[in-house]
There are 2 protein chains.
Amino acid sequence: MSTATFNKKHKTDLEIAQSAKLRHIREVAGSVGISEDQLEMYGNYKAKLPLHLIDEAKVAKSHLVLVTAMTPTPAGEGKTTTSIGLTEGLNKIGKQTTVVLREPSLGPVFGMKGGAAGGGYSQVVPMEDINLHFTGDFAAIEKANNLLAALIDNNIQNPKNNLGIDPRTVEWKRVMDMNDRALRNIVTGLGGKPGGMMRETGFNITAASEIMAILCLAKDIEDLKEKIGNIYVGDTYDGKAVFARDLNAQGAMAVLLKDAIKPNLVQTLEGNPAIIHGGPFANIAQGTNSVIATKMGMSLTEYVVTEAGFGADLGAEKFLNIKCGYSGLSPKAVVLVATIRALKYHGGQPLQELTIPDTVSLAKGLANLEKHIENIRIYGLPAVVSINKFVSDTNEEVAIIEKRCKELGVSVAICEGWEFGGEGTTKLASQVVEAVEGFDGKYKPVYDWNWSVKEKIEAVARKIYGARDVEFLPKAKQNLRKIERIGLNDKPICIAKTQNSFSDDPKWLGKPENFTLTVREIEIASGAGFSIPVTGNMLRMPGLPALPAAEGMDIDNAGRITGLS
Amino acid sequence: MSTATFNKKHKTDLEIAQSAKLRHIREVAGSVGISEDQLEMYGNYKAKLPLHLIDEAKVAKSHLVLVTAMTPTPAGEGKTTTSIGLTEGLNKIGKQTTVVLREPSLGPVFGMKGGAAGGGYSQVVPMEDINLHFTGDFAAIEKANNLLAALIDNNIQNPKNNLGIDPRTVEWKRVMDMNDRALRNIVTGLGGKPGGMMRETGFNITAASEIMAILCLAKDIEDLKEKIGNIYVGDTYDGKAVFARDLNAQGAMAVLLKDAIKPNLVQTLEGNPAIIHGGPFANIAQGTNSVIATKMGMSLTEYVVTEAGFGADLGAEKFLNIKCGYSGLSPKAVVLVATIRALKYHGGQPLQELTIPDTVSLAKGLANLEKHIENIRIYGLPAVVSINKFVSDTNEEVAIIEKRCKELGVSVAICEGWEFGGEGTTKLASQVVEAVEGFDGKYKPVYDWNWSVKEKIEAVARKIYGARDVEFLPKAKQNLRKIERIGLNDKPICIAKTQNSFSDDPKWLGKPENFTLTVREIEIASGAGFSIPVTGNMLRMPGLPALPAAEGMDIDNAGRITGLS
């Protein structure tokens, strides 16, 4: 394998993806029993699947594996790569498996982080399409979101068909799938009467849209319409809450989403089925793919591997308390991705020196991983630690983690999917199968939906984040009253918090203790069916870096793309 | 045919389209010699075509027919319906024909005007898809446009990688495919330093984006990149012009447009090939589909029918002086769509009474049609007047137009494509064939590109609009100097003017004379390769009406849409 390895080292993710020989999507579909006439093809390698293929009896029998991670470094620790690699490994050891992922956002693709289609020899393909417009779902979500915004401003503008909306109370923002900080805070409606009523507003990135959250929780078109109708828009001058249904917006918005609601079938580099659908971020939204996509995967194969964004304190918490709560799903095992570099980072080693061996920082950083393991046990689920192996990792460093995991009685495996694809993940796959087969229960939620919003926030903060106290700033207290008024008190919460720390301070690495979590405000997502306590200094529209990735991209007349990562 | 007619009267355009039996797109492609492996399918009824199918030798032999119109009423006079109906008729009389159209914009779909896929029994299908996201071209254009905006603001924000762009000079606007007046004039970059540099800007509708204009004039990806690189962005503090290439934006923007540049194949209700690609408006942009789409159609069939937006003073003028000038194409016949209602409207009958017979207003309104006929003759092209027949038209009214056309020596036919499809257009088709076969020349441009921009504007204003004078306001005079500085003086002009009148006053119907055309300002589209003299009070972002069409739309779990028109 050494020659192959040598060659691999000279290839970028894009080059690996471009040199792959893809199966026609009708073959991939055929391998899981879907006939060609049920596919809506987008070219030869992408297809939308009809919702009627979801079979609840099969969903009940399929094994769901959730991939989550320790608190990541800014570069990310490879959850998507691990999810894809594990899927290849499971198929290799005879367990038919589908990987179910989120769609990448264009913002980071042109910014700094790059795409989100895995890496090395654990990728989903066609990589360029998945990382760019894919099948147009994000564009459709953006359009539906912005149609509601146009209808709101048009209603305020027009004296004949007016609900009496007070422009100062409108909370619905427009969205754009772009890292564009200049749109965070804007004033619209300038230019006198023909230009509308002047007001302060802003754009969020599309992944943060409530429409994205709704699409990922909806069962079907009717359910989608009902949820959209429930979106809170603002108040009338009389203080009455106005919802999207009062603007008759839900029908046209659902029309715009008629294709976006259908999950997308693609393939892994080894030709196994991959479903990619929906893309909410995990720091500011529920951070996991759609219920429809997960159930679709579970209707097709014995195993489904899925991921939830950022660390387990964010993605996994929301996956379990929101997505599983609403859908009745439960994972049978949780894979916790760890890297040597992240452990050293949490143990105090500077970001620029993470490739230098350092067993002292590593041992110190283990506290972060241990707290995540403890949390998975709070949910009552079996955990498997997966070490995402990097070329710079030493055997000594790996041994330290393995030893600690053994002391804690938690299963651990090295994942070499990035370098070797499924060949590098069969051991991890076997341990996951063992965990799944040894578990016959269901996750235990961290809070009861019937508790007050305040109690629910405190439960997550104390049990999962390890906070001592929660402070509610005046605006948050005011929001709590509005939540009560709108009837959102008995719904789950979706905390917006930095992905860089258990606490709300992105600089506090490792395992923070004795801290106070500060809730600045609580946003209302009555359509999606949760409230969003915003902690610390979270932003819902990113900016571009000093040197945007966009500047290095190119395409020639043959359609060959370079510079995409 | 009377029973059929009776049933038809009870069907909406959407119901007719939904009840049509569609051919699989591979069959439509096969009928013009395209094999399945050359198609990039989007479901079973839409496909993208690869650019290598364009064959210049075939383009040179194919007959191009341009459909344009007299000055329309606000409802439109049926150019798209006539183009599609004529295509059915030509195929019926044995001339293999492709119709090449523009893609509809979502703004009007949710506003007042509705979609743009034809009407009655002259439609292109699948109508819902064509009118909604289609194959994602508009979304891609929007994203490429807005990526450039984000890169500009990011460059201004970032002191390390800064071109010294003066924010007060930035002319590049963001776009959204939505009727949203509140976005016309906005202030971005609020919220202090992290939110960017505050500046005044706005959104245009996507159809007005220079990226749309560029895509519709580009030959291939390399040409697209060069044109994008040439986009003028603003000036540095030293007064030096900054272009998109200075921001290294063209590669990433072209990557976003990799699929959008490929034309889309669909079908007419009678199963004939239809290519739909690009969608610039004709009042504020060049108003016709892409050069790539037109050449693709001409590579496939003996005849191609295409349309240019609004009246012949706008769409046809730009089609000939810009699109034909850049591409070397020339139509062999021009179909001039007229309606009894529009003639009466231009003769003074009020909008609400256009279904009431009125031969006096009709005779008066003929002056408008006659000026358009005169203009087609200025271009040296044979004209065929097509009367788009409505149920309320009387035989007496029709006879008046026919008589006048005979006196003028211009060919005339009644088009009943809306009611009967191809059966209702064979006579029009025969006359078009006669005109084409009797013409062996090329159009004569109205101006020479080497003239100054001022001279070119005056030529169009005097010869085509019938103006006596042209007045340049101070800002326009200033813009003339900038055009000189940027080197855009020897390029064509793309006048933005109301579609409701030959003059720049939308209320001046009929055939205005002895008027002065006022040029308010002249925008620079150095990427597309033209300047945009803006006359009167033109807006590049529409608003929604008091009762938006969106409020009447719905979709059920079976995916059945209602309320789309």
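Things to note:
One line per residue, one yes/no per condition, for (1) buried (at least 18 other Cβ atoms within 10 Å of the Cβ); (2) closer than 28 Å to residue B:78 by Cβ; (3) in contact with a strand residue (DSSP E or B) (Cβ under 8 Å, 6 or more places away or on another chain):
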position: B:415; (1), (2), (3): yes, yes, yes
position: B:434; (1), (2), (3): no, yes, yes
position: B:440; (1), (2), (3): no, no, no
position: B:465; (1), (2), (3): yes, yes, yes
position: B:468; (1), (2), (3): no, no, yes
position: B:478; (1), (2), (3): no, no, no
position: B:486; (1), (2), (3): no, no, yes
position: B:496; (1), (2), (3): yes, yes, yes
position: B:501; (1), (2), (3): yes, yes, no
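- Odd one out for residue A:529 among (1) of a type outside the set (A, V, I, L, M); (2) touching a strand residue (DSSP E or B) at 6+ places or on another chain (Cβ under 6 Å); (3) away from chain B (no Cβ under 14 Å): (2)
- Qualifying residue in segment A:276-298 (condition: more than 16 Å from residue A:102 (Cβ to Cβ), surrounded by fewer than 24 Cβ atoms within 10 Å (Cβ to Cβ) and touching a residue at least 12 places away in the same chain (Cβ under 8 Å)): no
- Listed by position, the strands (runs of 3 or more DSSP E) contained in segment B:177-230 that have at least 1 residues being within 8 Å of another protein chain (Cβ to nearest Cβ) are B:186-188, B:199-201.
- Test: residue in segment A:520-530 that is at pLDDT 95 or above, touching a Cys at 6+ places or on another chain (Cβ under 6 Å) and surrounded by 20 or more Cβ atoms within 10 Å (Cβ to Cβ): yes
- The set of residues in segment A:176-207 that are out of contact with any Phe, Trp or Tyr (no Cβ under 6 Å at 6 or more places or on another chain) and hydrophobic (A, V, I, L, M, F, W, C) comprises A:178, A:182, A:186, A:187, A:190, A:197, A:198, A:203, A:205.
- Within segment A:20-74, tally of residues that are in contact (Cβ under 8 Å) with a residue 24 or more places away in the chain and part of a loop (DSSP other than H, G, I, E, B): 20
- Top-ranked residue of segment B:32-65 - restricted to ones that are small (Gly, Ala, Ser) and at pLDDT 95 or above, ranked as surrounded by the fewest Cβ atoms within 10 Å (Cβ to Cβ): B:57
- When the criteria are applied in full, residue A:266 fails the requirement of being over 24 Å from residue A:89 (Cα atoms) and of a type in the set (Val, Ile, Thr).
- Within segment B:245-294, if we keep just the residues that are of a type in the set (D, E, K, R) and more than 9 Å from every other protein chain (Cβ to nearest Cβ), the residue that is farthest from residue B:222 (Cα to Cα) turns out to be B:270.
- Only one of the numbered conditions (1) over 23 Å from residue A:319 (Cα atoms); (2) over 20 Å from the mean Cα position of the chain (by Cα) is not met by residue A:543, and that is (2).
- Which numbered condition residue A:111 fails, given (1) within 8 Å of chain B (Cβ to nearest Cβ); (2) in contact with a Leu (Cβ under 7 Å, 6 or more places away or on another chain); (3) surrounded by fewer than 24 Cβ atoms within 10 Å (Cβ to Cβ): (1)
- Scoring residue A:537 on the criteria (1) within 14 Å of chain B (Cβ to nearest Cβ); (2) buried (at least 19 other Cβ atoms within 10 Å of the Cβ); (3) more than 30 Å from residue A:18 (Cα to Cα) leaves a single failure, condition (2).
- Sole residue being touching a Lys or Arg at 6+ places or on another chain (Cβ under 7 Å), more than 14 Å from every other protein chain (Cβ to nearest Cβ) and among the acidic types (Asp, Glu), chosen from A:317, A:302: A:302
- Boolean, residue B:168 is more than 8 Å from chain A (Cβ to nearest Cβ), of a type in the set (Lys, Arg) and farther than 25 Å from residue A:109 by Cβ: yes
- Within segment A:481-496, tally of residues that are without any contact (Cβ under 8 Å) to a residue 60 or more places away in the chain and of a type in the set (Gly, Ala, Ser): 1
- Single match in A:311, A:278, A:271, A:328 (criterion: in contact with a strand residue (DSSP E or B) (Cβ under 7 Å, 6 or more places away or on another chain) and outside the structural domain of residue A:177 (by TED's automatic domain parsing)): A:311
- Residue within segment B:503-513 that is part of a helix (DSSP H, G or I), surrounded by fewer than 19 Cβ atoms within 10 Å (Cβ to Cβ) and either more than 14 Å from chain A (Cβ to nearest Cβ) or at pLDDT 95 or above (or both) present: no
- Residue identified as modelled with pLDDT of 90 or more, farther than 30 Å from residue A:325 by Cα and in a loop (DSSP other than H, G, I, E, B) among A:544, A:564: A:544
- Residue B:308 vs. criteria crowded, with 24+ Cβ neighbours inside 10 Å, of a type outside the set (S, T, N, Q) and within 14 Å of chain A (Cβ to nearest Cβ): no
- Cross-chain or 6+ apart pairs with Cβ under 8 Å, segment A:363-378 first and touching a residue at least 12 places away in the same chain (Cβ under 8 Å), then of a type in the set (Asp, Glu): A:372/A:313; A:375/A:313; A:375/A:317
- Filter pass, residue B:187 being surrounded by fewer than 24 Cβ atoms within 10 Å (Cβ to Cβ), hydrophobic (A, V, I, L, M, F, W, C) and closer than 29 Å to residue B:545 by Cβ: yes
- Counting only residues that are in a loop (DSSP other than H, G, I, E, B) and touching a strand residue (DSSP E or B) at 6+ places or on another chain (Cβ under 8 Å), segment B:339-353 holds 1 of them.
- When residue B:142 is tested against (1) surrounded by 22 or more Cβ atoms within 10 Å (Cβ to Cβ); (2) acidic (Asp, Glu); (3) more than 10 Å from chain A (Cβ to nearest Cβ), just one condition goes unmet, and that condition is (3).
- Test for residue A:342: is it crowded, with 24+ Cβ neighbours inside 10 Å and either free of Cβ contacts under 8 Å to residues at least 12 places away in the same chain or out of contact with any His (no Cβ under 6 Å at 6 or more places or on another chain) (or both): yes
- Failed criterion for residue A:444 (all others in (1) over 27 Å from residue A:367 (Cα atoms); (2) part of a loop (DSSP other than H, G, I, E, B); (3) among the charged types (D, E, K, R) hold): (1)
- Considering A:358, A:259, the condition of being surrounded by fewer than 24 Cβ atoms within 10 Å (Cβ to Cβ) and under 30 Å from residue B:554 (Cα atoms) is satisfied by A:259 alone.
The values are calculated or read from the model by the stated rules, or taken from the named source; none is laboratory data. Predicted, not measured: the structure shown is a model, and the values here were computed from it. Note that we place each Cβ from the backbone using ideal geometry, even for glycine, and neighbour counts take in every protein chain shown.
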